[in-house]
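Read the figures in this text as sums done on the coordinates, not as results from a lab. Everything numeric in this text was worked out from a predicted model, so none of it was measured. We place every Cβ from the backbone using ideal geometry, glycine too, and count neighbours over all the protein chains shown.
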Amino acid sequence: MSTILLTGFAPFDGAERNPSGDAVAAVAAGYDGPHRLIAATLPVSFAGAAAHLHALIAEHDPDAVIATGLAGGSDRVAVERVGVNLMDARIPDNDGAQPIDVPSEPGGPAARFATLPVKRIVSVLEEEGIPARASLSAGSYVCNHVLYTALGASRPGVPTGFVHLPWSTATAPADAPSLSEQDLARAVRLVVDHAFDPDDSIPGGSIW
């Protein structure tokens, strides 16, 4: 039995809920798959999220790490390909920290590439009717920090990555794009189910 660590985030920036935390909780509550699923909610804090993530990985030694977060304004699920060694916060985190142009890991590589089968997961989501894309930027806020940190903390060969979710219909601000809570949970479950798939040798890049 493989162990999968699955994380979402707590609310931030004045919101009462975070769709990523909601989706992870829904998947964990109904999980009936073949793996041992460890679900956790990370604080929206640069220091706190990294510390919690390191502790979870040290305790559970997962065979795959899937982190999720909110990309408000997006109209589809974005599976991230790259985490960069940069913290550049437009707004303070929930601890009041607002790092500007600070490395996530001093002395670490400029970037780390996700080891989840990104293109395979995007293909599966689209086949299941969930709008999805591969993304080359996880931003420079706590989501990117978690992706970069997870890739550095996981054992070599462990599929590790990050999935950005749109607002849920129940939490979206007026006129913001969203997906239903059911579709967001279904998307996260599909990522869990296909975390160990080989990636497809299919075009997945961009010409711009």
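Observations
- Here the residues 193, 63, ranked from fewest to most Cβ neighbours within 10 Å of their Cβ, fall in the order 193, 63.
- Fluctuation leader among 19, 106, 198 - the chain, Gaussian network, Cα springs under 10 angstrom: 106
- Sparsely packed trypsin sites (Lys or Arg not before Pro) within the stretch 63-123, loop by DSSP, other Cβ within 10 Å at most 10: 90
- Sequence-separation-based contact order of the stretch 1-118, relative, with Cα cut under 8 Å and 6+ spacing, percent: 29
- Directionally averaged projected area (the stretch 57-129, Cα convex hull): 7.2 nm².
- Computed over the stretch 142-191, Kirkwood Rh from alpha-carbon pairs, angstrom: 12.7
- Among beta bridges that DSSP assigns inside the chain, antiparallel share in %, nearest 5: 20
- Where N is the number of residues in the stretch 1-90, Cα Rg divided by 2.2 N^0.38 Å: 1.13
- The chain - mean residue ellipticity at 222 nm from DSSP helices (-39,500 (n - 2.57) per run, n ≥ 4, rounded to 500): -9500 deg cm²/dmol
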